[in-house]
Amino acid sequence: MGNQRESRRCRRFPVKEGVVVLDSVYGEIIDVSFGGLSFRYTAYDDMTTEPAEFGIIFGGEEIFFDNLPLTNVCDIVINEEAGEETGEVRRRGMAFGDLVPEQIATLARFIRKFSLGK
């Protein structure tokens, strides 16, 4: 299994502590790629709508993308025992739409600076 080939189009990079901001939702980033990202969050309401605002915060540095098309790829429960008071813990995967060269350069800089490995 150590030589398992990555089947995704874009390599994923696990990241240091990072937070994603989608409208008013904050989540802990699990990994990021040039194709999208996945994050863990606590859901209090039905969150099936596509976000209008998108930002990432790494180590106090913020990166916000204007007009970045995002698509929900998956949104699954990872902790069903959380209960109603704390909300359920979920994992969401989101795909980036077409990135313009400036957005790609900004994302590349943040991946280099805040990813955990090679």
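The values are calculated or read from the model by the stated rules, or taken from the named source; none is laboratory data. Since this is a predicted model, take the numbers as computed values, not measurements. Positions of Cβ are backbone-derived with ideal geometry, glycine not excepted, and every protein chain shown enters the neighbour counts.
Okay, here's what the table says:
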item	result
Pair list, Cβ under 7 Å, 6 or more apart: the range 54-82 residue of a type in the set (D, E), other residue at pLDDT 80 or above and buried (at least 16 other Cβ atoms within 10 Å of the Cβ)	D75/R90; D75/R92; E80/E88
Considering residues of the range 86-118 that are assigned to a loop (DSSP other than H, G, I, E, B) and free of Cβ contacts under 8 Å to residues at least 24 places away in the same chain only, the residue surrounded by the fewest Cβ atoms within 10 Å (Cβ to Cβ)	K118
Failed condition for D46, given (1) of a type in the set (D, E, K, R); (2) part of a strand (DSSP E or B); (3) modelled with pLDDT under 75	(2)
